[in-house]
Amino acid sequence: MRVLLVEDDELLGDGVRAGLVHYGHAVDWLKDGQSALHALQYEKFDIIVLDLGLPKVSGLDVLHKLRKAGNDTPVLVLTARDTTQDRVRGLDTGADDYLTKPFDLDELCARIRALQRRFAARASPHISYNNIVLDPASHSIFVNGELINIPRREFALLQKLLENVGHVLSRELLTQSLYGWEEDVDSNTLEVHIHNIRKKLGTNFIRTIRGVGYMVDKQS
């Protein structure tokens, strides 16, 4: 999942980014509200983790402008402002969830997964496709009940494809869901990941739409 983290605290931001990357997310980290608004004009993210006390443009103003522009990306507000009034204001401005500092990284990741399920209109914590069960919480994949070992980026790629069964996803979108801005990506990296998944799940599991991208067909 591609996460935009907007946090001006260097120590906290670095820790959150490292933790989310460890959990398999691609994380882009910005440190002020103005930069976040600029990025959101041109880039698409799966979720936004947003501090309220930001320089240049406050987190609430970022949230207000985001919703006013019709951007429905799930937003998890992460802030030290813990009064009921602050929470109500954040949620009424358009936040989907609210987590106060200090917080536990496991809880943050669980809330991100919950927002992802809600946004995808998926009630189950697992993603099932024919004989495959993918568990985002434990980063586990089972085929016919047997655990399959898979690296975190291939897991994230597979999850993205299974969340969009029947839809073609562009090469650019899939690459962005796996790698942040600061990571060097070889031109054939995505194809290598696709090849490795096919080796584990079958050569026809992921279909190439030449000149467009990749997709997993609807369940048979």
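The values are calculated or read from the model by the stated rules, or taken from the named source; none is laboratory data. Remember, it's a predicted structure, so these values are computed and weren't measured experimentally. Cβ: placed from backbone, ideal geometry, glycine included. Neighbour counts: every protein chain shown.
Data for the structure
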{"quantity": "Residues of segment 2-43 satisfying the condition of being among the aliphatic types (A, V, I, L, M) and closer than 22 Å to residue 106 by Cβ", "calculated": "3, 4, 5, 6, 11, 12, 16, 18, 20, 21, 26, 27"}
{"quantity": "Enumeration of residues in segment 78-115 that are free of Cβ contacts under 8 Å to residues at least 40 places away in the same chain and either aromatic (Phe, Trp, Tyr) or under 21 Å from residue 26 (Cβ atoms) (or both)", "calculated": "96, 97, 98, 99, 103, 106, 107, 110, 111, 113, 114"}
{"quantity": "In segment 2-19, residue farthest from residue 112 (Cα to Cα) [restricted to those that are crowded, with 22+ Cβ neighbours inside 10 Å and hydrophobic (A, V, I, L, M, F, W, C)]", "calculated": "6"}
{"quantity": "Residue within segment 185-208 that is touching a residue at least 40 places away in the same chain (Cβ under 8 Å), loosely packed, with under 12 Cβ neighbours inside 10 Å and either in the same structural domain as residue 40 (by TED's automatic domain parsing) or touching a strand residue (DSSP E or B) at 6+ places or on another chain (Cβ under 8 Å) (or both) present", "calculated": "no"}
{"quantity": "Filter result (surrounded by 15 or more Cβ atoms within 10 Å (Cβ to Cβ), in contact with a helix residue (DSSP H, G or I) (Cβ under 8 Å, 6 or more places away or on another chain) and more than 12 Å from residue 201 (Cβ to Cβ)) within segment 119-138", "calculated": "127, 136"}
{"quantity": "Elements of type strands (runs of 3 or more DSSP E) in segment 1-116, at least 3 residues being closer than 20 Å to residue 181 by Cα", "calculated": "2-6, 26-30, 47-50"}
{"quantity": "Any chance residue 15 is over 16 Å from the mean Cα position of the chain (by Cα) and under 24 Å from residue 151 (Cβ atoms)", "calculated": "yes"}
{"quantity": "Pair list, Cβ < 8 Å and 6+ apart or interchain, from segment 162-174 residues that are farther than 14 Å from residue 197 by Cβ and in the same structural domain as residue 197 (by TED's automatic domain parsing) to residues that are at pLDDT below 95 and among the acidic types (Asp, Glu)", "calculated": "165/217; 166/217"}
{"quantity": "Condition met for residue 82 (closer than 22 Å to residue 175 by Cα and either in contact with a strand residue (DSSP E or B) (Cβ under 9 Å, 6 or more places away or on another chain) or of a type in the set (Ser, Thr, Tyr) (or both))", "calculated": "no"}
{"quantity": "Number of positions in segment 160-182 that are over 16 Å from residue 47 (Cα atoms) and of a type in the set (Lys, Arg)", "calculated": "1"}
